[in-house]
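Chemist: Let me give you the structure first, and then I'll get to my questions.
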Amino acid sequence: MSDKLALLQHPGGSLLSHKHECCKWRSSAAQPRKPISWSLICGLMLFCLGMISLFTGHVASDLEWYSQRLMKRRSYFKLEGINKGPIDIWQSDYAKYFYGCSKRSLSPNQSLKFADSSFMPVAIRARSSNGYLLIAASGGLNQQRTGISDAVVVARILNATLVIPELDHRSYWKDDSDFANIFDVNWFISYLAKDVTIVRRVPDKFMRSMDKPPYTMRVPRKSPPEYYLDQVLPILQRRSVLQLTKFDYRLANNIDDELQKLRCRANYHALRFTKPIQELGQKLVTRMRAMANRFIAVHLRFEPDMLAFSGCYFGGGDKERNELGEIRKRWETLTDVDADEERRRGRCPLTPHEVGLMLRALGFANDSYIYVASGEIYGGEETLRPLRDLFPNFYTKEMLANEDLKPFLPFSSRLAAIDYIVCDESDVFVTNNNGNMAKILAGRRRYMGHKRTIRPNAKRFGPLMMERDEMDWDTFARKVKAFQKGFMGEPDEMRPGRGEFHEYPYSCICERPLSDVVDNKRGDPRSEQGNQGLRERRKEEEPALGAKENEA
């Protein structure tokens with residue numbers, strides 16, 4: 001009734017008019033519908049067929065990409081139900097599906113850009129090359145290692161003869177070691193002989209015939225191959241001898257896969273330590289193995305200069321603030337920062353105590369054996385004591401080597417090389433930072449079978465460590481395990497374009513055929529048969545030295 005009153009009261013409207021409109025709607029509904037246009041139907045059908053064709057064509061063209069993605073997902077998540085249940089803190093269950101691969105391609109159908117605009121099946125001899133390339137590496141051992149590996153690739157791009165790189169003697173590390181004091185020169189030259197011609201020095205006769213001294217230049221960070229071809233090659237061809245200074249991270253991360261594989265051959269195979277360094281490093285590994293079947297290697301970057309540069313605060317009161325503040329004055333360009341804000345952003349290295357807490361929260365028992373690789377620790381024994389309390393089976397190279405270490409003590413790079421060997425051979429590698437050694441070793445361990453490599457999730461750990469006193473242990477441990485997913489050295493963490501190539505060498509990692517994995521006789525890297533199989537494959541990649549060493 002109220003609806004009727006409303007209609008009667010509405011201006012220009014009435015109940016009768018409402019009924020009239022209803023009758024009109026019914027009468028129009030009763031009228032026959034207009035015939036549907038067949039041309040419209042045909043047009044719609046053709047449009048749908050076109051869309052289907054476009055979609056199927058796109059899928060067909062990318063079929064290989066889709067299949068690889070699906071196979072990887074199958075390997076990661078479906079086989080054996082690996083993803084269900086707690087993670088194995090000592091080894092990756094996915095590791096058996098992947099292996100390092102960096103053999104050079106023999107196919108001429110490559111799209112590489114070199115100085116002669118063609119594919120080079122073999123290295124160019126010195127007298128036929130575009131000139132001699134001198135490289136001055138910079139930084140500590142592992143920073144120099146990145147420069148040396150990249151220098152090999154740059155020499156290949158330029159069709160240049162590479163001269164054994166010069167190591168940095170003036171950096172913070174103050175080590176006057178030359179290349180031959182740390183790396184096996186003969187092996188370096190012979191292993192890369194098919195890729196790049198390498199000589200110990202520019203021939204004296206050639207140097208005497210030059211009108212001008214070698215031209216020196218510094219290229220921008222992460223320069224692509226095109227930069228070297230456009231800007232560096234003309235100078236090399238004009239001057240015949242060219243020196244690139246402060247050569248670290250001067251080559252782009254994203255380059256052709258064949259060049260990436262050369263990067264891996266240089267880093268993981270050609271750069272082999274000298275016999276004295278190798279023997280002492282392996283001796284320390286043997287002594288660790290004699291005490292425990294498996295052990296953790298912890299790389300601690302906690303030197304005073306590193307802490308001062310970070311601008312962070314580590315709980316040492318006014319004494320720490322004053323000491324690190326004085327060191328910080330060495331860098332005139334550094335500005336004052338908020339220490340708490342830096343930690344919240346994950347820009348501070350974990351303290352030794354925090355590393356210990358992280359490991360215990362992940363599930364490592366206090367009877368686990370750990371090897372600590374480090375330089376000068378700020379605060380000394382007092383700083384290390386909390387880590388020792390959490391893991392009493394605590395060892396360093398000084399504790400294990402005794403008198404054997406004395407010849408190496410004046411040389412920080414050689415000491416770092418010994419730590420590098422032990423960390424590489426450990427079952428689990430842990431770092432409190434994301435510096436050069438952490439990146440280089442993470443990449444090598446991925447290449448050598450995805451051995452467990454743990455780096456803190458810095459962005460999540462900073463705030464967590466600031467709040468750890470406000471929560472019970474079970475809550476803290478649960479959060480640590482949650483935050484560390486994706487930071488444990490699993491194969492699926494490594495995606496093209498992520499981070500530095502030296503840390504994520506994606507072009508040099510291949511997927512093992514599933515039949516090899518299921519066989520488990522030679523395919524599983526964790527079995528002795530699997531280890532033997534990997535050793536055989538590595539031997540196949542290494543050329544016989546013989547006459548090549550004599551030539552070098």
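The values are calculated or read from the model by the stated rules, or taken from the named source; none is laboratory data. As the structure is a computational prediction, the values presented were derived from the model and not from experiment. Note: ideal-geometry Cβ built from the backbone for every residue, glycine included; neighbour counts use all protein chains shown. Just the protein is used for accessible areas: all its heavy atoms, side chains included, with ligands, DNA and RNA removed. Shrake-Rupley method; radii C 1.70, N 1.55, O 1.52, S 1.80 Å.
Chemist: Tell me, what is the FRET efficiency for ALA290 and MET45 to the nearest 0.05, using R0 = 45 angstrom and their Cβ-Cβ distance as r?
Modeler: Calculated transfer efficiency: 0.05.
Chemist: State to the nearest 20 debye the size of the charge dipole of region 126-269 about its Cα centre, where the only charges are +1 on K and R beta carbons and -1 on D and E beta carbons.
Modeler: Values: 21 positive and 16 negative charges, 65 e Å.
It works out to roughly 320 debye.
Chemist: Quick check: pseudo-label points 7 Å beyond the Cα along Cα→Cβ at GLU342 and ARG238, how many nm apart are they?
Modeler: Result: 4.4 nm between the two label points.
Chemist: Give, in nm to one decimal, the length gained when the segment between ALA365 and MET466 is fully stretched (0.36 nm per residue of separation minus the Cα-Cα distance).
Modeler: Numbers: separation 101, 0.36 × 101 = 36.36 nm, distance 2.37 nm.
Result for the pair: 34.0 nm of gain on full extension.
Chemist: Between LYS459 and LYS485, take the C-beta separation as r, use R0 = 22 Å, and let me know the FRET efficiency to the nearest 0.05. Don't skip to the end; give the middle numbers.
Modeler: On the way: r = 13 Å, r/R0 = 0.61.
It comes to 0.95.
Chemist: Okay, moving on. Check each of the GluC sites (Glu not before Pro) in region 367-401 and keep only those in coil by DSSP with at most 14 other C-beta atoms within 10 angstrom; list them in order. It would help to have the intermediate numbers written out before the result.
Modeler: Numbers: sites: GLU376, GLU381, GLU382, GLU398; in loops: GLU376.
Taking region 367-401 and a limit of 14 other Cβ atoms within 10 Å, the loop GluC sites (Glu not before Pro) found are GLU376.
Chemist: Next up: So, by mean Cβ neighbours within 10 angstrom, what's the order for 231-240, 91-100 with the highest one leading? Write out the running numbers ahead of the final one.
Modeler: Details: 231-240: 16.2, 91-100: 21.9.
My ranking of the peptides, most packed first, is 91-100, 231-240.
Chemist: Please list, by residue number, every one of the GluC sites (Glu not before Pro) in region 220-324 that is coil in DSSP and has at most 11 other beta-carbon atoms within 10 Å.
Modeler: Working: sites: GLU226, GLU258, GLU279, GLU320, GLU323; in loops: none.
When the GluC sites (Glu not before Pro) of region 220-324 are filtered for loop state and at most 11 Cβ neighbours within 10 Å, nothing remains.
Chemist: Still on this structure, I have one more. Determine the gain in length on full extension of the stretch ARG127-ARG495; use 0.36 nm per residue of separation and subtract their C-alpha separation, reporting nm with one decimal. Each step should come with its number before you reach the end.
Modeler: On the way: separation 368, 0.36 × 368 = 132.48 nm, distance 4.06 nm.
Answer, rounded to one decimal: 128.4 nm.
Chemist: Between LYS194 and ASP257, what is the FRET efficiency for a Förster distance of 25 Å, r being their Cβ-Cβ separation, to the nearest 0.05? Walk me through the numbers before you get to the answer.
Modeler: Working: r = 17 Å, r/R0 = 0.70.
With a Förster radius of 25 Å, E is 0.90.
Chemist: For VAL199, list long-range residues whose amide hydrogen, built 1.01 Å from N in the peptide plane, is under 5 Å from its own amide hydrogen.
Modeler: LEU162, VAL163, ILE164
Chemist: Also, quick follow-up: Kindly report, to the nearest 10 Å², the accessible surface of ASP469 as traced by a 1.4 Å probe over protein heavy atoms only.
Modeler: Roll a 1.4 Å probe over it and ASP469 shows about 140 Å².
Chemist: List the pairs from LYS174/LYS275; LYS439/LYS485; LYS103/LYS397; LYS275/LYS406; LYS222/LYS261; LYS222/LYS329 whose alpha-carbon separation is above 27 Å, in the order I gave them.
Modeler: Values: LYS174/LYS275 23 Å; LYS439/LYS485 18 Å; LYS103/LYS397 35 Å; LYS275/LYS406 16 Å; LYS222/LYS261 17 Å; LYS222/LYS329 29 Å.
Over 27 Å apart, Cα to Cα: LYS103/LYS397; LYS222/LYS329.
Chemist: Say each of LEU409 and TYR215 gets a label point 7 Å from the Cα, pointing the same way as Cα to Cβ; how far apart are those two points in nm?
Modeler: The modelled label-to-label distance comes out at 4.8 nm.
Chemist: Turning to a different aspect of this structure: Lys/Arg Cβ at +1, Asp/Glu Cβ at -1, dipole of region 275-511 taken about the Cα centre: which of ALA339, LEU409, PRO276 is farthest positive-ward?
Modeler: Value computed over the given set: PRO276.
Chemist: Report the paramagnetic label zone for ARG201: residues of region 133-171 whose backbone N is under 20 Å from a point 7 Å from Cα along the Cα-to-Cβ axis.
Modeler: Output list for this probe position: 133-137, 161-170.
Chemist: Report the extension gain between GLN231 and ILE327 in nm, rounded to one decimal, defined as 0.36 nm multiplied by the number of residues separating them, less their alpha carbon distance.
Modeler: Working: separation 96, 0.36 × 96 = 34.56 nm, distance 3.88 nm.
Once the chain is fully extended between GLN231 and ILE327, it gains 30.7 nm.
Chemist: Moving on to the next point. Quick one: dipole size for region 275-511, taken about the Cα centre, charges +1 on Lys/Arg Cβ and -1 on Asp/Glu Cβ, in debye to the nearest 20. Let's see the in-between values first.
Modeler: Values: 37 positive and 37 negative charges, 171 e Å.
In total the dipole reaches around 820 debye.
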